[in-house]
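Take a look at the structure below.
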Amino acid sequence: MSRGRPAGYARAAADTIRNKPQIRSAVTAATKSFDAHRREAWSQIDVDAWRDWCRDVKQHVVTHLDRYLEEAEAKLLANGVRVHWAESAEEALAVLGAVVDEAGIRRVVKAKSMLTEELGVNEYLEGRGVHVRETDLGEYIIQLLGEPPSHIVGPAIHRSLDDSRRLFHEHFGTPMDSSPEALAATARQALREEFLAADLGISGGNFLVAETGTLALIENEGNIRLSTSAPPVHVAFVGIEKLLPRIADLSGFLQITARAATGQPIGNYVSLISGPRRAGEIDGPETVHVVLVDNGRTRLLGEDVAWEALRCVRCGACLNICPVYRQTGGHPYGFTYSGPIGAILAPGLLGLEEAMPLPFASSLCGACADVCPVRIPIPDILLHWRERAVEAGLVPASERLGMRAYAALAERPRAFAAAGAGLRFVPWALGGRALPVLGGWSGERAPPELSPRPFHRLWKEGIE
Amino acid sequence: MSARDRILERVRAVLPSREDAAHPGPFLGWRAGPLASDVPGWFSEMFTKAGGEVVRVGSPGLASAWLADFAAGFGTASVGATLPADLIPQLAIAPPEVAELGVSMGRGAVAETGSLILDARDGRRTQLLPPTHVVLVRVEDVHATLADALDHVSHDLPSAVGLHSGPSKSADIGQITVTGVHGPGRVLALIVG
Ligand code: SF4
């Protein structure tokens with residue numbers, strides 16, 4: 001399930017666009033449909049007031065993070081949950097390893113969770129000879145394909161119905177013209193056995209309520225409810241920024257997250273988990289572990305501009321509207337989180353050098369900031385990382401020179417007009433590719449149609 | 001120093017340079033719900049829109065009669081631990097892993113999100129494993145908003161509360177929505193009173 005690295009972005013993106021046109025069409029169709037649903041769902045509410053409220057609660061949490069972490073820990077412990085802290089992926093996996101050893105775990109079912117992707121939970125368990133099965137249908141499909149998720153909400157949106165037909169035909173011998181219902185029924189049966197045989201269920205956490213020590217999980221299929229109900233042990237990995245102060249705060253966040261992600265009024269299933277099975281309850285896990293994971297989040301908190309990214313609720317709305325993400329899906333980004341949120345998180349979580357060139361994988365059109373339910377100023381953070389990259393000498397010399405030449409021209413109106421006029425005569429196929437900055441861009445695109453008169457002339461003459 | 005202390009120490013080293021943001025207070029949503037004057041009707045509209053079915057009956061006696069009639073189409077049932085005895089259908093009782101029908105006692109419902117509130121004390125497997133799920137809810141337990149409902153349940157939290165807002169669905173195969181993927185493909189809210 002290799003994911004590559006951000007450094008391979010340009011090549012992987014170009015390869016996807018050139019050689020896998022079906023990915024672009026599947027991703028574009030899926031994201032447009034997600035986005036249309038979001039727009040419809042937002043038209044029904046006082047969206048500006050909702051977004052302000054959600055931004056303010058998250059900002060409050062992040063600026064009082066120590067207090068809420070301690071409160072959540074105390075409540076979880078009082079509820080009988082075993083609480084662990086992990087500074088890094090290695091530490092988080094070591095916690096899991098200890099649980100596996102202690103309870104003699106052989107079979108694991110997993111609920112969809114981006115944090116467990118970030119930590120590399122599946123590879124770790126497989127390396128220890130533990131059988132691990134993804135149970136979200138999209139995650140199951142990509143696990144069988146050996147791919148990482150392409151989208152934080154719809155992990156398999158880059159795959160078509162025919163891709164799934166072929167996959168199920170190879171694995172289960174289902175006919176090549178099976179309906180989506182028949183394929184889902186096949187998966188249901190295979191995974192039902194996994195749920196009932198598993199000795200451990202692993203989940204992430206959308207929110208962790210400090211006041212009551214309650215973990216909130218959102219989904220549509222029921223696999224998270226089953227993964228956290230059927231096996232005798234449950235381990236939840238939760239990023240330290242996922243806290244909410246009070247259980248009442250869930251009322252806004254459960255609704256806006258679903259409306260932003262898929263346009264639903266709420267996720268089809270919400271699990272509110274406050275501990276292991278109690279006396280008098282007839283089922284549920286006997287042991288629940290919560291692992292509070294840092295893995296770069298405190299580093300991001302220390303970033304004066306980018307720290308606002310810690311408000312993210314992982315709804316995927318910024319991916320769905322991003323014209324750059326829509327061309328390729330998530331794989332070329334080479335990082336667990338893709339699209340606009342991935343481009344601003346990567347430098348914070350991985351370090352700027354390792355994250356290059358993701359802050360540049362954007363046209364800065366600003367659409368992401370318009371849809372973000374917690375109002376993260378994504379374009380400002382992208383620009384900030386770009387400036388930092390230039391300062392650190394992480395940007396190719398040709399690009400720096402090109403930008404400097406552009407700045408010099410832009411400050412001199414006459415020279416700018418003359419250069420613009422000259423550009424109109426550069427043949428696209430030859431000259432366009434040779435130009436700094438534009439070269440890489442023009443290589444993948446058809447030439448733009450030029451208006452008969454340049455903009456600065458139209459402006460002077462008055463645009464009709 | 002433990003990982004816990006190092007994480008908290010790093011957080012505390014940064015926070016003085018971040019401006020304190022106040023909590024904005026309770027979530028107000030859309031203030032007056034679109035159908036706040038008819039809360040059960042609002043619930044029905046939202047739950048039906050998500051693919052669920054709603055049956056409304058005036059009394060426990062009528063609920064029991066409706067349930068007997070409905071259960072006749074099934075061979076076996078798994079029932080919730082807190083379901084009143086007179087509402088248990090006259091079917092062979094089977095474990096939830098194999099039962100054709102699940103019948104649960106709902107802790108309540110939420111109108112604005114179209115959600116049933118299910119309590120772990122009633123049994124989680126019955127809520128999730130049978131392909132058809134009937135949930136009884138007393139009409140006085142239908143809350144207008146999620147905020148009201150959460151306030152109500154927070155005073156007595158079991159190990160798990162599930163909010164179920166329609167049949168299990170997925171669009172992960174070619175972006176085409178299918179139902180009954182892991183949880184029940186058919187879910188009915190039986191509103192009593
Ligand atoms: S940055 Fe905003 S829009 Fe993007 S995933 Fe996070 S919360 Fe959603």
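Please treat every number below as a calculation from the coordinates, not as lab data. Keep in mind it's a predicted model, so treat the numbers as computed, not measured. Reconstructed Cβ throughout: ideal geometry from the backbone, glycine too, with neighbour counts over all protein chains shown.
Against the empirical 2.2 N^0.38 Å scaling, what ratio does the C-alpha Rg of region A:106-264 come to?
Numbers: Rg = 16.4 Å, N = 159, 2.2 N^0.38 = 15.1 Å.
Relative to the rule-of-thumb radius for its length, region A:106-264 sits at 1.09.
Rank the residues A:Asp46, B:Asp86 as a footprinting-exposure proxy: fewest other Cβ atoms within 10 Å of their Cβ go first. Write out the running numbers ahead of the final one.
Details: A:Asp46 14, B:Asp86 9.
Going from least to most buried by this count: B:Asp86, A:Asp46.
Sorted from fewest to most neighbouring beta carbons within 10 Å, what does the list A:Leu364, A:Leu292, A:Leu350, A:Leu69 look like? Could you put the intermediate results ahead of the total?
Numbers: A:Leu364 14, A:Leu292 26, A:Leu350 18, A:Leu69 22.
In order of increasing Cβ crowding within 10 Å: A:Leu364, A:Leu350, A:Leu69, A:Leu292.
For B:Glu9 paired with B:Val139, estimate the spin-label separation in nm (one decimal), with each label point 7 Å from Cα along the Cα-to-Cβ line.
The answer from the label model is 6.3 nm.
Pop a pseudo-label 7 angstrom from the Cα along the beta-carbon direction at both A:Asp380 and A:Ala190 and give the gap in nm to one decimal.
According to this spin-label approximation, the distance is 4.7 nm.
I want the antiparallel fraction of DSSP beta bridges within region A:9-297, as a percent rounded to 5.
Values: 8 of 32 bridges.
Beta bridges within region A:9-297, antiparallel portion: roughly 25 percent.
Rg and Dmax of region A:248-350, using alpha carbons, in Å: what are they?
Cα only, region A:248-350: 17.4, 53 Å (Rg, Dmax).
Might you list the cysteines of chain A that have no disulfide-compatible partner by the rule of another cysteine's Cβ under 4.7 Å?
Among the cysteines of chain A, those whose Cβ sits 4.7 Å or more from every other are A:Cys54, A:Cys312, A:Cys315, A:Cys322, A:Cys365, A:Cys372.
Which net charge results for the neighbourhood of A:Thr116, defined as the other residues with beta-carbon distances under 11 angstrom from its beta-carbon, given Lys and Arg at +1 and Asp and Glu at -1?
Working: positive: A:Lys110, A:Lys112; negative: A:Glu117, A:Glu118, A:Glu123, A:Glu134, A:Glu139.
Spelling it out: positives minus negatives among the neighbours equals -3.
Roughly what % of Cα-Cα distances in chain A sit above 27 Å, to the whole percent?
For chain A, the fraction of Cα-Cα distances above 27 Å is 58 percent.
Antiparallel versus total DSSP beta bridges in region B:93-193: what percent is that, nearest 5?
Numbers: 9 of 23 bridges.
Close to 40 percent.
Report the paramagnetic label zone for A:Arg11: residues of region A:341-375 whose backbone N is under 16 Å from a point 7 Å from Cα along the Cα-to-Cβ axis.
A:356-358
Ignoring everything except DSSP H segments at least 4 long, calculate the 222 nm mean residue ellipticity for chain A; use -39,500 (n - 2.57) per segment, divide by total residues, nearest 500. Intermediate results must be reported in sequence, preceding the final value.
Working: 23 runs with 236 residues, N = 464.
Dividing the helical sum by the residues of chain A leaves -15000 deg cm²/dmol.
Please identify every one of the GluC sites (Glu not before Pro) in region A:27-128 that sits in a loop by DSSP and has no more than 14 other beta carbons within 10 Å of its own beta carbon. Display every interim value, and only then the final one.
Values: sites: A:Glu40, A:Glu70, A:Glu71, A:Glu73, A:Glu87, A:Glu90, A:Glu91, A:Glu102, A:Glu117, A:Glu118, A:Glu123, A:Glu126; in loops: A:Glu87.
When the GluC sites (Glu not before Pro) of region A:27-128 are filtered for loop state and at most 14 Cβ neighbours within 10 Å, nothing remains.
Per residue of A:246-259, how many C-beta atoms from partner chains lie within 10 Å of its own C-beta, taken as a mean? Write down the numbers at each step before the final one.
Working: counts 5, 6, 9, 6, 6, 14, 7, 1, 5, 7, 2, 0, 2, 0.
For this peptide, the per-residue mean of nearby foreign Cβ atoms is 5.
Quick check: the distance between the Cα centres of region A:213-228 and region A:275-317, to the nearest angstrom?
Region A:213-228 and region A:275-317 have Cα centres spaced 13 Å from each other.
Residues with beta-carbon under 11 Å from that of A:Arg24, excluding A:Arg24: net charge, scoring Lys, Arg +1 and Asp, Glu -1? Mind showing how you got there, number by number?
Numbers: positive: A:Arg18, A:Lys20, A:Arg326; negative: none.
Charge balance in the 11 Å sphere: +3.
What does the average come to when, for each residue of peptide A:50-63, you count the partner chain Cβ atoms lying within 10 Å of its Cβ? Don't skip to the answer; put the middle values down first.
On the way: counts 4, 0, 1, 7, 2, 2, 5, 6, 1, 7, 5, 2, 5, 7.
If you average over the peptide's residues, the count of other-chain Cβ atoms is 4.
Between region A:77-115 and region B:58-109, how far is it from one alpha carbon centroid to the other, in angstrom?
Spelled out, the Cα-based centre of one part sits 37 Å from the other.
Sort out the exposed loop GluC sites (Glu not before Pro) in chain B (DSSP loop, at most 16 other Cβ within 10 Å) and tell me the longest stretch that has none.
Working: sites that count: B:Glu19, B:Glu97.
Answer from the scan: B:98-193.
How many percent of DSSP beta bridges within the protein assembly as shown run antiparallel, rounded to 5? The partial results should precede the final answer.
Working: 22 of 70 bridges.
If I count the DSSP bridges inside the protein assembly as shown, around 30 percent turn out antiparallel.
Can you give the local net charge around B:Ser154? Use residues other than it whose beta-carbon is closer than 14 angstrom to its beta-carbon, Lys and Arg +1, Asp and Glu -1.
Result for the neighbourhood of B:Ser154: -3.
Near the amide H of B:Val187, under 5 Å away, which other amide H atoms are found, from residues 5 or more places off or on another chain, if H is placed in the peptide plane?
For B:Val187, the qualifying residues are B:Glu53, B:His133.
Short version: ³J(HN,Hα) in whole Hz for each residue of region B:12-27, in order, from phi by Karplus 6.51 cos²θ - 1.76 cosθ + 1.60 (θ = phi - 60°), x for Gly and Pro, what are they?
Along region B:12-27, the couplings run 5, 6, 8, 4, x, 8, 10, 5, 4, 10, 7, 5, x, x, x, 6 Hz.
Let me confirm one metric for peptide A:370-383, namely the mean number of other chain beta-carbon atoms within 10 Å of its residues' beta-carbons.
Rounded to a whole number, the mean comes out at 0.
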